[in-house]
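Every read-out reported here was derived from the displayed coordinates using simple, explicitly stated rules and does not represent laboratory data. Computed from a predicted model, the values in this text were never measured in an experiment. Glycine also receives a Cβ, built like all others from the backbone with ideal geometry; neighbour counts cover every protein chain displayed.
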């Protein structure tokens with residue numbers, strides 16, 4: 001790892017974090033934290049696409065793009081710590097069903113979105 005990779009990942013993280021803040025503003029929470037779920041869903045799609053396009057972690061011949069997009073941008077944009085806190089708050093407020101729905105959508109659908117993004121990335125490169 002080089003200092004340039006750290007700086008590039010930091011730039012991607014800053015941009016991802018700013019976009020995450022914009023999503024939270026644009027999609028306010030209701031009974032479920034919709035902005036957090038949207039960020040996690042879109043971030044899962046993007047990381048799947050990026051790794052499908054560039055190759056798996058560590059196997060890419062484009063390490064700067066990997067650092068910027070997969071590590072930095074997606075790391076700053078997705079919100080697992082926010083997801084964890086919001087789920088804990090739902091449980092503490094006795095909203096067990098809502099918390100379980102939040103976990104199911106955020107985990108299961110994000111895995112599907114990551115796979116979908118990966119497939120799209122592979123199709124983009126012609127690797128199907």
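Key figures for this structure:
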read-out	value
Sum of -39500 (n - 2.57) over DSSP H runs of 4+, divided by residues of the chain (222 nm, nearest 500)	-22000 deg cm²/dmol
Residues listed by number, the range 97-111, amide nitrogen under 20 Å from residue 19 label point at 7 Å toward C-beta	106-107, 109-111
Highest average packing first - 87-95, 117-125, 71-79, Cβ atoms within 10 Å	71-79, 117-125, 87-95
Measure of compaction for the chain (Cα Rg per 2.2 N^0.38 Å)	1.13
Ordering of 97-110, 5-18 by packing [mean C-beta count within 10 Å, highest first]	5-18, 97-110
Percentage relative contact order, the chain, counting C-alpha pairs under 8 Å, at least six apart	39
